[in-house]
Each structure stands twice: as C-alpha cells, then as structure tokens.
C-alpha cells in the first residue's frame, strides 16, 4: 500500500521560512565562534540540547526563539513580506527572489545571499 502526502502552498511557505531562519541562525553562530550554543541556552534558561534540536530541525522553533537567539548573538531580526506577484508591498522589501543579509563583524561587513523563495523572509542585521 502506498500513499501520497500533499503539502499545501501555505504550509510549504511556512516550512521554507523556518528553514531560512534556522540557516540564518547557523550562519550567525559561525560568525560568532566565541559564543557557544551552551552559552545561548544558559541565557535563555534552557538545556543546550533544546537549542541544538531547534537548530537541527528535530524540534520546532518559533519566531520568538529566533529573535532571542539572534539578539544574544548580536543581531536584530526583521521580518519582511514580499508580494508573490512582484508588486511593491510598500514596505521597501528587497526586490526579486533573493534577499541580502548584511551584518557588521569585527572584520567589516559580511554578506550572504540566499535564494529561497518564500512569501515572508527573515533578515538578520546587526
């Protein structure tokens, strides 16, 4: 017996958003090797394994936790909604299907382009 799992467009958009957020947090950790997951967990009052599971995707992560971790790592999270039809949404969102994440590090400005398409995107700025 076989079955087919159907994922709706809105669920797929949510999965991409969460995936992008996890990817950005992993990038932020890599940019801040002096801050460990254990230190972040301690500041949040949770066990290190909770943070590890959330970053790996084996445990759900919500936007509040994304913002908390980003803040501890020295970043601000901004949520931008882009219209799927490409029309200007009035919030000066990045154009096209890519967005740029700029962060100031001790060595200057680091940029990362991510090419995932989603209805909403997470931007991390320091």
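Read-outs: derived from the displayed coordinates by stated rules, not from any lab. Bear in mind that the values here come from a model prediction, so they are computed numbers and not experimental data. Backbone-built Cβ (ideal geometry, glycine too); neighbour counts: all protein chains shown.
This table checks each residue for (1) surrounded by 11 or more Cβ atoms within 10 Å (Cβ to Cβ); (2) free of Cβ contacts under 8 Å to residues at least 24 places away in the same chain; (3) within 19 Å of the chain's Cα centre (by Cα).
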position: 4; (1), (2), (3): no, yes, no
position: 18; (1), (2), (3): yes, no, yes
position: 40; (1), (2), (3): yes, no, yes
position: 43; (1), (2), (3): yes, no, no
position: 58; (1), (2), (3): no, yes, yes
position: 63; (1), (2), (3): yes, no, yes
position: 71; (1), (2), (3): yes, yes, yes
position: 74; (1), (2), (3): yes, no, yes
position: 85; (1), (2), (3): no, yes, no
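A quick yes/no check of all residues on (1) more than 30 Å from residue 83 (Cβ to Cβ); (2) out of contact with any helix residue (DSSP H, G or I) (no Cβ under 8 Å at 6 or more places or on another chain); (3) outside any helix (DSSP H, G or I):
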{"residue": "12", "(1), (2), (3)": "no, yes, no"}
{"residue": "15", "(1), (2), (3)": "no, yes, no"}
{"residue": "21", "(1), (2), (3)": "no, no, no"}
{"residue": "60", "(1), (2), (3)": "no, no, yes"}
{"residue": "66", "(1), (2), (3)": "no, no, no"}
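The residues of region 68-90 that are part of a helix (DSSP H, G or I) and in contact with a helix residue (DSSP H, G or I) (Cβ under 8 Å, 6 or more places away or on another chain), listed by number, are 68, 69, 70, 72. Only residues that are out of contact with any strand residue (DSSP E or B) (no Cβ under 9 Å at 6 or more places or on another chain) and assigned to a helix (DSSP H, G or I) were counted in region 29-51, giving 14.
Remark: residue 54 falls outside the filter, which requires a residue to be at negative phi and assigned to a loop (DSSP other than H, G, I, E, B).
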